[in-house]
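Heads up, the thing below is written out as structure tokens.
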Amino acid sequence: MPYYIAVYDINVRRVAKMLKLFRRYLTWVQRSVFEGELTEAQFRRLQHEVRRLMNPEEDVVIFYELRDVRYSRRLVLGTEQGHRDRFL
């Protein structure tokens with residue numbers, strides 16, 4: 001199953017809704033950063049919901065797809081803000 005890292009820069013009027021949406025699908029890491037495994041169907045559904053919520057003239061959402069999380073490495077400096085329930 002692909003592993004995704006998602007980041008966004010959203011107008012303040014939509015931040016709370018976008019946070020709520022992403023937390024339904026991925027693990028919140030910090031502020032506007034999320035990560036986790038998604039099926040292809042879940043990823044398509046998330047993209048669809050993001051497009052409905054965002055204003056492409058003001059907002060940006062970026063997804064990084066890792067085909068195999070075993071070949072990735074994560075280094076954290078400082079205190080994490082999110083809860084790490086589902087990572088690796």
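Annotations for the structure displayed:
- Residue ID - nearest to ARG74 (Cα to Cα), chosen from residues in the stretch 17-55 that are part of a strand (DSSP E or B) and aromatic (Phe, Trp, Tyr): PHE34
- Check on GLU58, open to solvent by 80 Å² or more (accessible area, probe 1.4 Å) and either in contact with a Ser or Thr (Cβ under 8 Å, 6 or more places away or on another chain) or not in a helix (DSSP H, G or I) (or both): yes
- The set of residues in the stretch 31-51 that are of a type outside the set (Gly, Ala, Ser), closer than 16 Å to TYR64 by Cα and in contact (Cβ under 8 Å) with a residue 24 or more places away in the chain comprises VAL33, PHE34, GLU35, GLU37, LEU38, THR39, GLU40, PHE43, LEU46, VAL50.
- Just one of the listed residues (ARG14, ARG51, ARG31) is among the charged types (D, E, K, R) and modelled with pLDDT under 95, namely ARG31.
- Among the residues making up the stretch 1-29, those that are more than 15 Å from VAL61 (Cα to Cα) and free of Cβ contacts under 8 Å to residues at least 60 places away in the same chain are MET1, ARG13, ARG24, VAL29.
- For the criterion of being free of Cβ contacts under 8 Å to residues at least 12 places away in the same chain and either in contact with a His (Cβ under 8 Å, 6 or more places away or on another chain) or at positive phi (or both), GLY78 passes.
- Residue that is most open to solvent (accessible area, probe 1.4 Å) [pool: residues in the stretch 61-82 that are of a type in the set (Asp, Glu) and either in contact with a Lys or Arg (Cβ under 7 Å, 6 or more places away or on another chain) or more than 14 Å from ALA6 (Cβ to Cβ) (or both)]: GLU80
The values are calculated or read from the model by the stated rules, or taken from the named source; none is laboratory data. Everything quoted here is computed from the prediction, not taken from an experiment. Reconstructed Cβ throughout: ideal geometry from the backbone, glycine too, with neighbour counts over all protein chains shown. Accessible surface areas use protein heavy atoms only, side chains included; no ligands, DNA or RNA. Shrake-Rupley method; radii C 1.70, N 1.55, O 1.52, S 1.80 Å.
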